[in-house]
Amino acid sequence: MICSKCGDPAIVSQRYRGQRLCQSHFIEDFESRVRETMRKYDMVKDGERIAVAVSGGKDSTALLLCLHKILGGRDKELVAITVDEGIAGYRDDTITSARAIAANLGIKQEIVSFRDEYGYDLDDMVQGKEVAPCTFCGVFRKKSLNLMAKRMGATLVATGHNLDDEAQSIMMNYLKGDIERLMRFRPRKVQPGLVPRVKPLREILEKEIALYCMVNGVFTESRECPYASLSLRADVRDMMNDLESLFPGTKQSTLQGFEKIAEIKLGNWTKIDLASCRICGEPCVKEICKACELCKRLKG
Ligand code: SF4
Ligand code: ZN
């Protein structure tokens with residue numbers, strides 16, 4: 001297998017793009033695609049302080065590394081936020097990885113924990129209850145990131161969501177018929193009190209992100225969260241992986257198809273103004289934010 005650009009031995013075959021790449025062309029191509037995604041959605045402006053959500057897994061590690069490389073020396077500052085949900089036997093190791101990568105790159109990092117913010121670890125929240133751990137986790141993680149980003153004076157939050165995550169989320173919301181939630185995937189929507197979020201890796205396949213970490217010699221914690229298999233996402237992920245191997249490019253076309261629909265429907269959703277939560281003041285759709293609603297359920 002040889003590189004389509006230079007004839008050196010290739011390390012990756014991108015069937016969906018009809019090319020193979022050697023190590024140096026893979027890295028170059030990876031970074032230029034991330035740059036192109038950021039340009040296309042006008043993600044980062046000059047003078048921005050970008051808080052990268054770094055869990056210590058491969059996606060967020062690759063994101064931090066890649067942004068550090070492509071934004072280095074420009075008028076943009078990177079900081080890192082690590083959320084400790086409190087998942088025994090899993091999160092401690094990823095936090096060690098997250099600390100190592102931020103320290104190696106000389107990036108200021110803050111850790112925000114569910115225990116400090118809400119009084120419980122995720123493990124305590126879901127123990128013995130008929131609830132989906134990912135629902136609690138997702139709601140509290142978003143809130144924690146927003147709170148810490150504001151404390152750090154960040155103007156933007158960047159997360160490591162990749163093409164697999166995006167295609168899965170789109171498909172999950174199609175399956176549930178949840179158009180409102182679907183439209184929230186559009187990058188960058190400015191709302192008071194909510195630090196805008198961007199996903200610079202949203203057009204890159206998960207396996208290429210793992211490869212990017214590997215060729216950059218970065219260790220990442222690859223263990224899966226013990227709660228991951230309990231969610232609908234796990235089934236959708238398997239289905240999308242099967243489809244992608246039968247029909248290369250399926251994940252990409254799922255995202256592109258959604259983008260076309262969003263262009264048409266978007267006008268209706270950007271008009272929704274968020275209110276402030278009556279309890280905590282964070283932006284929310286209803287009177288009380290989802291996190292405060294779940295906190296009440298935990299205490300009641
Ligand atoms: Fe949280 Fe679910 Fe992800 Fe585990 S799999 S970290 S519980 S969202
Ligand atoms: Zn609230």
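The values are calculated or read from the model by the stated rules, or taken from the named source; none is laboratory data. Model, not experiment: these values are computed from the prediction. Using ideal geometry, Cβ is built from the backbone for each residue, glycine included, and neighbour counts are taken over all protein chains shown.
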Give the residue, chosen from Gly119, Gly72, that is at pLDDT below 95 and closer than 18 Å to Arg297 by Cα.
Gly119
Quick one: what pairs do we get from region 77-92, first residue closer than 13 Å to Phe114 by Cβ, second crowded, with 21+ Cβ neighbours inside 10 Å and of a type in the set (Phe, Trp, Tyr), C-beta under 6 Å, 6+ apart or different chains?
Glu85/Phe114; Gly86/Phe114
First in region 274-300 and touching a residue at least 40 places away in the same chain (Cβ under 8 Å) and among the small types (Gly, Ala, Ser), second anywhere and within 16 Å of ligand 1 (Cβ to nearest atom) and not in a loop (DSSP other than H, G, I, E, B), Cβ under 7 Å, 6 or more apart
Ala291/Val139; Ala291/Phe140; Ala291/Lys143
The one condition Ser55 fails out of (1) closer than 21 Å to Ala228 by Cα; (2) part of a helix (DSSP H, G or I) is (2)
If you check Val131 against the conditions, is it among the hydrophobic types (A, V, I, L, M, F, W, C) and more than 18 Å from Ser55 (Cα to Cα)?
yes
In region 14-54, what count of residues is obtained for those that are among the small types (Gly, Ala, Ser), exposed (fewer than 14 other Cβ atoms within 10 Å of the Cβ) and over 19 Å from Ala80 (Cα atoms)?
2
Please indicate, with yes or no, whether at least one residue in region 158-175 is small (Gly, Ala, Ser), in contact with a helix residue (DSSP H, G or I) (Cβ under 6 Å, 6 or more places away or on another chain), within 16 Å of ligand 1 (Cβ to nearest atom) and modelled with pLDDT of 95 or more.
yes
Scan region 23-32 and give yes if some residue there is out of contact with any Leu (no Cβ under 7 Å at 6 or more places or on another chain) and not in a helix (DSSP H, G or I), otherwise no.
no
Region 218-236 - residue that is of a type in the set (Gly, Ala, Ser) and within 11 Å of ligand 1 (Cβ to nearest atom) and, of those, surrounded by the fewest Cβ atoms within 10 Å (Cβ to Cβ):
Ser229
Only residues that are of a type outside the set (Gly, Ala, Ser) and either without any contact (Cβ under 8 Å) to a residue 12 or more places away in the chain or in contact with a strand residue (DSSP E or B) (Cβ under 8 Å, 6 or more places away or on another chain) (or both): list them for region 20-35, please.
Arg20, Leu21, Cys22, Phe26, Glu28, Asp29
Are any residues in region 81-100 assigned to a helix (DSSP H, G or I) and touching a strand residue (DSSP E or B) at 6+ places or on another chain (Cβ under 8 Å), and if so, which ones?
Arg91, Ile95, Ala98, Arg99
Of all helices (runs of 4 or more DSSP H) completely enclosed by region 133-197, which ones contain at least 2 residues that are buried (at least 22 other Cβ atoms within 10 Å of the Cβ)?
133-151, 163-176
Within region 185-230, residues under 26 Å from Gly56 (Cβ atoms) and modelled with pLDDT under 75 come out as Phe185, Pro187, Arg188, Phe219, Thr220, Glu221, Ser222, Leu230
Pick from Leu63, Leu67, Leu78: which is within 18 Å of the chain's Cα centre (by Cα), in a strand (DSSP E or B), at pLDDT 95 or above and of a type outside the set (Val, Ile, Thr)?
Leu78
Do we have any residue at all in region 25-36 that's farther than 18 Å from Glu203 by Cβ, of a type outside the set (Val, Ile, Thr) and modelled with pLDDT of 90 or more?
no
Taking Val215 as meeting all but one of (1) closer than 30 Å to Ser97 by Cα; (2) out of contact with any Phe, Trp or Tyr (no Cβ under 9 Å at 6 or more places or on another chain); (3) surrounded by fewer than 18 Cβ atoms within 10 Å (Cβ to Cβ), write down the number of the exception.
(2)
